[in-house]
Every structure is written in C-alpha cells, then in structure tokens.
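J.: First, the structure itself, so that you have it in front of you.
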Amino acid sequence: SFNHPSPMFSLANAFSNEEIIEFDSRIKRLAGVDNISYIAEPKLDGLAVNLIFENGIFKKGATRGDGTTGEDVTKNLRTISSLPLKMKHSKDYFIPSFIEIRGEVYIEKKPFLKLNTRRTEEGEEPFANPRNAAAGSLRQLDSRITSRRPLNIFLYGIGNVEGVDFSTHWEALQMLSGWGLPVNQYIEQAKDMNACIKYFERIGAMREELPYEIDGIVLKVDSLDLQKKLGNVSRNPRWALACKFPAAQATTIVKGIAVGVGRMGTLTPVAIMEPVNVGGVMVSRATMHNEDEVLKKDVRVGDTVVI
Ligand code: IVH
C-alpha cells in the first residue's frame, strides 16, 4: 500500500443548474466577493491516481484508495504510453525536486469495445464498462497484462510540491502541459457562473461524440488563495463541484435473466445486471417485456448493454 503525501479528496455532486448556482452563491458569500472565476473541466469517468515525480522523473504512482492510503501501481502506470516517464525540459517551466500530480486513468470507448469482444471470444468475462476495465487493468498483479490494455491518462491537479510557485489552478494546468504531461484539451477558464453553466451545456451536447466517457463537468475555483481560504467540509473541498449530466446512460453487463410473476400471473423476463450508476441512481434490473425489442437486440446473458 501507499500513503499519499497529501490526502486525495472527493467532489460534492450537483445534479441541476439550481444546485450549481447555489454553490457559486455560497462561495461568494463565504469569500465576501461578488464574482468568482472558475476552471471548468470534463469529469472523466475513470479512476483517480496520484503520481510522484522527483526531479522530473516518474518515481511512484498509486490509486486513490480511501484518499489517505492507496495501492502502489507504479509498474502498471509505467505501461501507459500517454504518460511520459520524464518531464520535458523547457526554460519556461522549472522542474520541481518533488511533486505529487493527480489525474484520471481511463479507457476510450472504442478500445473498450474491442477489449470486451476479445475477452468474450477468449471465453473471459467482459468488463461492465470502461471504468471497470480501467480499474481492473490498473490493479493487475502482472504488469505484462496491463501493458496490453488500452489505458490512457489525463492529469488535472497538484498535491504537495517543492520549489515551484503558482497562484491559480490554470497556471498549474499550464505547468503540467509545459512539462509535456497529458492535460485534457477541453479544460477552460470560466470567468463567472454564467460561463460555467454555458460550458456545462456545451460539454453535455458533445458528450456522445467524445472518444471517452465523461459523467459531468468539474468546476474549480481558480484562485489558490481562495481555495485555501474555503477549505474542506469533511472529505470534500468547498471550492470544487462535480456537476453531473441529467439524462445519463451507462454500460453494464447482463448477469442473468429471471422471470417475474405479475399480479395476474403474467410472466415477464427481467434482466439482472451488474449494478451501474445511471444519473445518480443505481440500476441492476430491467424488464424485458417488449418482446420485439428484445428479439431485435438479441439480449443474452453476458452481453454488454446500454441503460
Ligand atoms: S479533481 C478536490 N478533476 O472525480 C478535487 N476529479 O469525486 C478532487 N474526476 O476521485 C478531484 N474528472 O476520480 C477532479 N477533472 C477532474 C476529474 C475528477 C474526474 C474524478 C476523480 C475523483 C472524483 C472526485
């Protein structure tokens, strides 16, 4: 196991524009200002990791775990081709002697489907969704297996760091890309709450076309001074918010097909699925009452389905 030098927090969720606006009002009130500028980011549906770089060299990486202690997955992270094991030197970005970098490991939609097809052909259990596939691949004991999985990574945050100075989250992201590390291209500066809501709608409309799954956006107060001032409520920073998309869809696996008996004795097949979060609700059953549709889709045990 691995103790994170600084704890990894999780995000409070909002499911509507009203809740997002309330978040902004609360921060303005606490900070005593009349406008807050944010950084808006896609919320990647993967798993959070913590990377340690020393003098520009990737040394260690771990899963988030409970936020204090995670699993050491250094060997497996080394197999991710989009993760440079050495920071790029440039005169604009000083390389720190020690830095903790946070990000998300994920698998893109198409490679995920290919991986599942291959697994099914080889008689192995398919993964319920790209997130599970990424988690399973990263936590493999044999890193040769991990190296054959299409893992990817985006970095979006900094924990403890020595010897570099920055005063906004935006500067932190620019440093990360300056060091040659992968940062999501859709991250934007949002000068006020209006811009945040527009971003939320814009990214929501792009969601299906993106090559990877996202389940919302994340808003972060740009000023690090203000972040510090706002602090945390238990494990959630008061300066960040996950805004979840309303009409979500999710991928899961049919584990079995049961038969439900109605009040009138009607028999209805029910798909029993690996539980999956769809827009904040855990779904594990779906009736298969629509025979035409079920036959057309040819839904069977072991199939990957979209809820
Ligand atoms: S920031 C305090 N940024 O969401 C900030 N997290 O509940 C903590 N996630 O464990 C994380 N995309 O797995 C952040 N752009 C993003 C993210 C992101 C996805 C996940 C991450 C984290 C969870 C927080």
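J.: In the range 6-21, what residues are more than 8 Å from the ligand (Cβ to nearest atom), assigned to a loop (DSSP other than H, G, I, E, B) and under 23 Å from D192 (Cα atoms)?
T.: Residues satisfying the conditions are F15, S16.
J.: Still on this model: Filter the range 41-73 down to the residues that are more than 17 Å from P130 (Cβ to Cβ) and either polar (S, T, N, Q) or in contact with a Pro (Cβ under 6 Å, 6 or more places away or on another chain) (or both), then identify the one that is farthest from the ligand (Cβ to nearest atom). Can you show your working first?
T.: Of the residues in the range 41-73, the ones more than 17 Å from P130 (Cβ to Cβ) are 41, 50-62, 64-73.
From what is left, the residues that are either polar (S, T, N, Q) or in contact with a Pro (Cβ under 6 Å, 6 or more places away or on another chain) (or both) are 50, 55, 67-69.
Values: N50: 10, N55: 25, G67: 8, T68: 13, T69: 14 Å.
This residue is N55.
J.: Within the range 239-261, work out how many residues are touching a helix residue (DSSP H, G or I) at 6+ places or on another chain (Cβ under 7 Å) and either more than 10 Å from the ligand (Cβ to nearest atom) or in a strand (DSSP E or B) (or both).
T.: Initially, the range 239-261 is screened for residues touching a helix residue (DSSP H, G or I) at 6+ places or on another chain (Cβ under 7 Å), giving 239, 241, 243, 245.
Add one more test, that the residue is either more than 10 Å from the ligand (Cβ to nearest atom) or in a strand (DSSP E or B) (or both), and what stays is 241, 243, 245.
Residues in the range 239-261 being touching a helix residue (DSSP H, G or I) at 6+ places or on another chain (Cβ under 7 Å) and either more than 10 Å from the ligand (Cβ to nearest atom) or in a strand (DSSP E or B) (or both): 3 in total.
J.: Select from the range 205-224 the residues that are within 15 Å of the ligand (Cβ to nearest atom), assigned to a helix (DSSP H, G or I) and farther than 25 Å from M87 by Cβ and list them in ascending order.
T.: Once the filter is applied, which keeps residues that are within 15 Å of the ligand (Cβ to nearest atom), assigned to a helix (DSSP H, G or I) and farther than 25 Å from M87 by Cβ, the range 205-224 yields only R207.
J.: Taking the stated definitions as given, is N76 more than 16 Å from the ligand (Cβ to nearest atom) and within 27 Å of V276 (Cα to Cα)?
T.: Yes: the conditions hold for N76.
J.: Could you check how many residues of the range 176-191 are more than 16 Å from the ligand (Cβ to nearest atom) and either under 21 Å from K229 (Cα atoms) or not in a loop (DSSP other than H, G, I, E, B) (or both)?
T.: 2
J.: Quick one: how many residues across the range 64-115 are part of a strand (DSSP E or B) and either aromatic (F, W, Y) or in contact with a strand residue (DSSP E or B) (Cβ under 8 Å, 6 or more places away or on another chain) (or both)?
T.: Selection size over the range 64-115: 15.
J.: What are the pairs, 6+ residues apart or on separate chains, where a residue within the range 19-47 that is polar (S, T, N, Q) has its Cβ under 8 Å from a residue that is in a helix (DSSP H, G or I) and more than 9 Å from the ligand (Cβ to nearest atom)?
T.: N35/K28
J.: Please work out if N194 is out of contact with any Cys (no Cβ under 7 Å at 6 or more places or on another chain) and either more than 21 Å from M8 (Cα to Cα) or assigned to a strand (DSSP E or B) (or both).
T.: On the way: out of contact with any Cys (no Cβ under 7 Å at 6 or more places or on another chain): yes; either more than 21 Å from M8 (Cα to Cα) or assigned to a strand (DSSP E or B) (or both): yes.
Yes, satisfied.
For every residue, the table says whether it meets (1) of a type outside the set (V, I, T); (2) without any contact (Cβ under 8 Å) to a residue 40 or more places away in the chain.
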| position | (1), (2) |
| --- | --- |
| N194 | yes, yes |
| I203 | no, no |
| D215 | yes, no |
| L224 | yes, no |
| K229 | yes, no |
| C243 | yes, no |
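J.: For the range 76-93, enumerate the residues that are surrounded by 14 or more Cβ atoms within 10 Å (Cβ to Cβ) and of a type outside the set (S, T, Y).
T.: Answer for the range 76-93, where residues must be surrounded by 14 or more Cβ atoms within 10 Å (Cβ to Cβ) and of a type outside the set (S, T, Y): N76, L77, R78, I80, L83, P84, M87.
J.: In addition: Among the residues of the range 158-173, how many are surrounded by 15 or more Cβ atoms within 10 Å (Cβ to Cβ) and more than 17 Å from K191 (Cβ to Cβ)?
T.: Counting residues in the range 158-173 that are surrounded by 15 or more Cβ atoms within 10 Å (Cβ to Cβ) and more than 17 Å from K191 (Cβ to Cβ) gives 5.
Every number in this text was worked out from the coordinates using simple rules, so none of it is lab data. Remember, it's a predicted structure, so these values are computed and weren't measured experimentally. Reconstructed Cβ throughout: ideal geometry from the backbone, glycine too, with neighbour counts over all protein chains shown.
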